[in-house]
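K.L.:
Here's a structure for you.
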Amino acid sequence: MTYIPIQSLDRLRLSIKMNIQEYVPLAKYTTFKIGGPARYFCAAKSEDDILEAVRFAKEKKIPVMVIGGGSNLLVSDAGFNGLIIRCGIKGIEFKDAGKRSVLIEAGAGEDWEDLVAQAVERGLYGVENLSAIPGTVGASPVQNIGAYGFDVSGSIDMVRALDTKTMKFVKFSNSECNFSYRNSRFKHEKGRYIVSKVTYRLAKEGKADASYKDLVEYFGKRKIADPTLKQVRQAVIEVRKAKLPDWRSWGTAGSFFKNPLIDAEHFKRLKREYPEIPGFPEADGRIKVPLGWIIDKVCNSKGLTIGNVSTYEKQALVVVAKPGATATEVIGFANEIMRRVKEKTGIQVEAEVEWAVA
Ligand SMILES: Cc1cc2nc3c(=O)[nH]c(=O)nc-3n(C[C@H](O)[C@H](O)[C@H](O)COP(=O)(O)OP(=O)(O)OC[C@H]3O[C@@H](n4cnc5c(N)ncnc54)[C@H](O)[C@@H]3O)c2cc1C
């Protein structure tokens, strides 16, 4: 007779309860459609599932990574030698919060675009410019998603997350999330927090903001002077559709790089060399420069293709990969773009896409 140690039995029970699978190919869980297998993989449908999954990984002394829709991820060709937790906590509740606002409490596994659609349908203001961004609610505070002049940090009231150091669920108010451009404490302290719920505060009354250049053009053409909430959402959807690749048919994670923030002196030097270069002053005095413009006009690399990887022909900040492309190819391509930008402008570009490797 063979005796199985109690600890192994516990682990076995846990992996059956949580349905922890082994060697699960990750390519189908990311919009890049690239990447090797996860050594362990599970879907978490509740906070208890998250706790148990993290305990499993701690026992095995392996790294943990949580994913949502995989739309901002590039997984290594070798896969992830740890536990991938796919967060699927559901539930959206609208709670009246007085005269001016409504709180929306949403499970981290809810689809972001569904939440925006529901909010706009109810006439709530604050997230309409963030329409049609792929991914989940849980990831929205991580990189502080943003588009068309808005960042989600402007609408977040509270984030609830598991602190994997203390194994306790904690709540962070907006200011405790340390939001900045495509950044937050959840990204900064990478891997420490697993978001389970996000509460957004949206306004009952307001004015939809269509002041972003592309939206001004859209409404100008249609001679609409004062667009409604629903019209702004529709405009964002249409402008995005015209400019960005559809991730259902392309391998992509949208913008691969962050728009750089450079100091005023550096911007002046670039302006002398490239008088047309656009720049947008930030509150801290730095200037945000659209990197897509630099890749296109300065580096002449819009639509550049190396092997299976290209910058998108309609938006140079977006990297697209053909079926069969590897993560190694994508990284090599991204490094080449970064090298060109550095050589021409002195700007050290940072990736926006997260790299899943262990
Ligand atoms: C075509 C396209 C267009 C895009 N356009 C935009 C855009 O306009 N603006 C923008 O900001 N982004 C954009 N993105 C990027 C992407 O949609 C966002 O970053 C989105 O928030 C990612 O959500 P996700 O659930 O897919 O996260 P994933 O890609 O699965 O994960 C991204 C990161 O978040 C972490 N994470 C995910 N869920 C959790 C959780 N519950 N708790 C803690 N950490 C978590 C992951 O560990 C990882 O580090 C675009 C992507 C594509 C493919």
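K.L.:
With ALA208, ALA161, ALA235, ALA242 as the choices, which residue is open to solvent by 20 Å² or more (accessible area, probe 1.4 Å) and over 16 Å from the mean Cα position of the chain (by Cα)?
P.N.:
Numbers: ALA208 fails: open to solvent by 20 Å² or more (accessible area, probe 1.4 Å); ALA161 fails: open to solvent by 20 Å² or more (accessible area, probe 1.4 Å); ALA235 fails: open to solvent by 20 Å² or more (accessible area, probe 1.4 Å).
Answer to the selection: ALA242.
K.L.:
Among the listed residues LYS314, LYS297, LYS322, which satisfies the condition of being among the charged types (D, E, K, R), open to solvent by 50 Å² or more (accessible area, probe 1.4 Å) and in contact with a helix residue (DSSP H, G or I) (Cβ under 8 Å, 6 or more places away or on another chain)?
P.N.:
On the way: LYS297 fails: in contact with a helix residue (DSSP H, G or I) (Cβ under 8 Å, 6 or more places away or on another chain); LYS322 fails: in contact with a helix residue (DSSP H, G or I) (Cβ under 8 Å, 6 or more places away or on another chain).
After ruling out the rest, the residue left standing is LYS314.
K.L.:
Among the residues of segment 127-144, what is the count of those that are within 8 Å of the ligand (Cβ to nearest atom) and within 16 Å of TYR212 (Cα to Cα)?
P.N.:
Within segment 127-144, residues that are within 8 Å of the ligand (Cβ to nearest atom) and within 16 Å of TYR212 (Cα to Cα) number 1.
K.L.:
Condition first: under 21 Å from PHE257 (Cβ atoms) and buried (at least 22 other Cβ atoms within 10 Å of the Cβ). Now tell me which residues in segment 146-157 satisfy that. I'd like the intermediate steps shown before the answer.
P.N.:
Just the residues of segment 146-157 that are under 21 Å from PHE257 (Cβ atoms), to begin with: 146-153.
Within segment 146-157, just VAL152 meets the criteria.
K.L.:
Could you list all residues from segment 325-358 that are open to solvent by 20 Å² or more (accessible area, probe 1.4 Å), modelled with pLDDT of 95 or more and among the β-branched types (Val, Ile, Thr)?
P.N.:
Selection gives THR326, THR328, ILE331.
K.L.:
Could you figure out which of (1) open to solvent by 50 Å² or more (accessible area, probe 1.4 Å); (2) out of contact with any strand residue (DSSP E or B) (no Cβ under 8 Å at 6 or more places or on another chain) isn't true of LYS90?
P.N.:
(2) is the only condition that LYS90 fails.
K.L.:
Which residues, taken from segment 164-198, are modelled with pLDDT of 95 or more, closer than 24 Å to LYS45 by Cβ and open to solvent by 40 Å² or more (accessible area, probe 1.4 Å)?
P.N.:
LYS165, THR166, MET167, LYS168, PHE169, VAL170, LYS171, ARG192, LYS197
K.L.:
I've got another one for you. Quick check on segment 92-116: of everything there that is more than 18 Å from the chain's Cα centre (by Cα) and without any contact (Cβ under 8 Å) to a residue 60 or more places away in the chain, which residue is farthest from TYR200 (Cα to Cα)? Give the derivation first.
P.N.:
Residues of segment 92-116 more than 18 Å from the chain's Cα centre (by Cα): 92-105.
With without any contact (Cβ under 8 Å) to a residue 60 or more places away in the chain added as a condition, the list becomes 92-96, 98.
Working: ILE92: 11, GLU93: 10, PHE94: 10, LYS95: 10, ASP96: 12, GLY98: 14 Å.
Among those that are more than 18 Å from the chain's Cα centre (by Cα) and without any contact (Cβ under 8 Å) to a residue 60 or more places away in the chain, it is GLY98.
K.L.:
Kindly establish whether GLU329 is in contact (Cβ under 8 Å) with a residue 24 or more places away in the chain and charged (D, E, K, R). Give the steps one after another, and end with the answer.
P.N.:
Numbers: in contact (Cβ under 8 Å) with a residue 24 or more places away in the chain: no; charged (D, E, K, R): yes.
In short, no.
K.L.:
Somewhere in segment 58-81, is a residue within 12 Å of the ligand (Cβ to nearest atom), of a type in the set (Phe, Trp, Tyr), outside the structural domain of VAL198 (by TED's automatic domain parsing) and open to solvent by less than 40 Å² (accessible area, probe 1.4 Å)? Break it down stepwise before answering.
P.N.:
Taking segment 58-81 and keeping what is within 12 Å of the ligand (Cβ to nearest atom), we get 63-75, 80.
Narrowing further to those that are of a type in the set (Phe, Trp, Tyr): 80.
Filter once more, so that each one left must be outside the structural domain of VAL198 (by TED's automatic domain parsing): 80.
When the remaining residues are screened for being open to solvent by less than 40 Å² (accessible area, probe 1.4 Å), the result is 80.
Yes: one or more hits.
K.L.:
If I ask for residues that are within 12 Å of the ligand (Cβ to nearest atom) and either open to solvent by 10 Å² or more (accessible area, probe 1.4 Å) or outside any helix (DSSP H, G or I) (or both), which ones from segment 99-126 would you list?
P.N.:
Selection gives ALA106, GLY107, ALA108, GLY109, GLU110, ASP111, GLU113.
K.L.:
Related question: Of all the residues that make up segment 145-161, how many are in a loop (DSSP other than H, G, I, E, B) and within 11 Å of the ligand (Cβ to nearest atom)?
P.N.:
Going residue by residue through segment 145-161, those that are in a loop (DSSP other than H, G, I, E, B) are 145, 148-149, 155.
Filter once more, keeping what is within 11 Å of the ligand (Cβ to nearest atom): 145, 148.
Within segment 145-161, residues that are in a loop (DSSP other than H, G, I, E, B) and within 11 Å of the ligand (Cβ to nearest atom) number 2.
K.L.:
Quick one: would you say ALA132 is in contact (Cβ under 8 Å) with a residue 24 or more places away in the chain, open to solvent by 40 Å² or more (accessible area, probe 1.4 Å) and part of a loop (DSSP other than H, G, I, E, B)? Don't jump to the end; show me each part of the working.
P.N.:
Working: in contact (Cβ under 8 Å) with a residue 24 or more places away in the chain: yes; open to solvent by 40 Å² or more (accessible area, probe 1.4 Å): no; part of a loop (DSSP other than H, G, I, E, B): yes.
No: the conditions fail for ALA132.
The values are calculated or read from the model by the stated rules, or taken from the named source; none is laboratory data. Please read all numbers here as calculations on a predicted model, not as lab measurements. Every residue, glycine among them, receives a Cβ derived from its backbone with ideal geometry; neighbour counts consider all protein chains shown. Side chains included, ligands, DNA and RNA excluded: accessible areas come from the protein's heavy atoms. Shrake-Rupley method; radii C 1.70, N 1.55, O 1.52, S 1.80 Å.
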